[in-house]
Structure formats: C-alpha cells, structure tokens
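What follows is a set of notes on a single structure, which appears directly below.
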Amino acid sequence: MISARRKPSVWFAAVLLWLASGAHASAQPQQLDTIKDIFAKLYSCWRPPPASRANPMDITVIVSFNREGAILGQPRITYESANAGDNDRIAYRIAVMETLQRCTPLPFTEGLGGAVAGRPFAVPFRTRKRPPKPEEKRAWLIQKIL
C-alpha cells in the first residue's frame, strides 16, 4: 500500500507526465493535408508592407514545392496591379519573398507531399479593397401604388 507521504509525489509525477506530453504535441507543427491548408498557411505568414512604405496593391506569385514542403525552383511574380508604382512593386515583391521564407518548408503530410510535389501554385495576395458592387436598380420590381 502507498503511504500518505508518497501519494503527492505520484500525483506530481502524473501531472508532469501530462504536461510533457502536451508540450510535445504542441511543439510539432500541424501537418497540412489539403490544398486549402496550404493556402491558409501561406496567408497566415503574409505581412504586407505598411501603408507608409507602399500603396496597397495585388500581387500573384507562382511557386512549386517538393515532397518535403521546400520551394522547388524559383518563385515567379505573374501579376501586379497595373496602377502600382515601381517602389510599391519592389516593396510587395520583397514582402512575398519574405512570406515564402517565413513559411517554408511547409509541413506536408506524406500523401499531400506526393500529390503536390512539382505542381505550380498561383498564390494571390490581395491588399486592395475591392470597390463595392453597385446596387442594381430594379425599377421594374417597384410596385406602383395608385
């Protein structure tokens, strides 16, 4: 039988074991299992330049990954807002490359890594606000009360 003096140490050991297992689970990065997860992870790393350095604009990069989630080849910028100035373009290109450096290698599951290896992804980063859609005037629906 366990003496009254040893019971607290058993509980203390159990709590330490539980905390250690929780810390180990949270230390592992959550593995990405779908293409939607890939985009969510990339967008979570996105830090657009501050408005004091560059005007808001849209930019799209094409990037491929290997099975381990590292970048394969060189990412290519394929779209930038037409009304952006040269300084804006440079600031956003740097922000895109910093995003890719921050996020990669991506923690793919084995299945997703095999499925996406070598395939190009077009990743749009949008920071401009879209103009609101104009309200449709439905004159033909207005009931005329006589």
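Every read-out reported here was derived from the displayed coordinates using simple, explicitly stated rules and does not represent laboratory data. Everything numeric here is computed off the predicted structure, so don't read it as measured data. We place every Cβ from the backbone using ideal geometry, glycine too, and count neighbours over all the protein chains shown.
Structure above, values below:
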{"item": "A122-A70 pseudo-label distance in nm [points 7 Å out on the Cα-to-Cβ vector]", "result": "2.8"}
{"item": "Simple label model, 7 Å out from Cα along Cβ direction - N83 to R53, nm", "result": "2.3"}
{"item": "Sites K36 and M97, calculated FRET efficiency, Cβ-Cβ separation with R0 25 Å, nearest 0.05", "result": "0.60"}
{"item": "Cβ crowding within 10 Å averaged over residues, with 108-121, 74-87 ranked highest first", "result": "108-121, 74-87"}
{"item": "Neighbourhood net charge (12 Å Cβ-Cβ; Lys/Arg +1, Asp/Glu -1) for S44", "result": "+2"}
